[in-house]
Amino acid sequence: MAAITVYIGVGSNLGNRQENLRRGIRAIGRRVTITAASSIYETEPWGFLDQPPFLNAVCSGLTSMSALDLLELLKDAEALVGRRPTFLNGPRKFDADLLLYGGQLIDEVTLQVPHPRLAQRAFVLEPLAEIAPELVHPLEELSIRQLLDRVSGRQGVRRWSEPLMTVTPMKLP
């Protein structure tokens, strides 16, 4: 399989949030060639509000893995960093979501791509627009920047720090 460009959203709101993001992205990077990483954004919780604020970022990468294998890698990275099952939208040490897998549309029981709520979430759109503003959402047919401009009030998202890492893309073998 040829390499596919993927976009992955990451977040943390428990423990050392920045270190959790760093560890999670490092774990993902063992099997995905990370090509870009956004700044880190601090965001108010979404869904369940009675919890600490999140740090969020987005990275892009190249992979030859299938989307379902990539999903499994993301779940393994979550577990490695210490995510434990709680409840929908509950607090977590590390969360990783597959946002886009090339331009593909995937509708499986365990995986929907593009991520079903991507177009409504400023905490994902803001960092994604930083690294890929002209990328077009395959269902909405609007650029990420246009989608971000549609989200009202940016939902309490603020730039918190520089990217976790500088990235020098490497070719896949």
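Every number here is computed from the coordinates shown, using simple stated rules; none is lab data. The model shown is predicted, which means the values in this text are computed figures rather than measured ones. Cβ: placed from backbone, ideal geometry, glycine included. Neighbour counts: every protein chain shown.
Considering region 17-58, what Rg and Dmax in Å follow from its alpha-carbon atoms?
My reading of the Cα-based Rg and Dmax gives 12.2, 36 Å.
When only C-alpha pairs under 8 Å and at least 6 residues apart count, what is the relative contact order of the chain, in percent?
Answer for the chain is 32 percent.
Can you tell me the mean projection area, over all orientations, of the convex hull of region 4-161's alpha carbons? Units nm², please.
Averaging across all directions leaves 8.3 nm² for the Cα convex hull.
For all pairs of alpha-carbon atoms in region 1-89, what percent lies in each bin of width 5 Å, listed from the first bin to the last filled one?
3, 13, 24, 24, 18, 11, 5, 1, 0
Sum up the charges of everything whose Cβ sits under 12 Å from the Cβ of residue 24, counting Lys and Arg as +1 and Asp and Glu as -1, but leave residue 24 out.
+4
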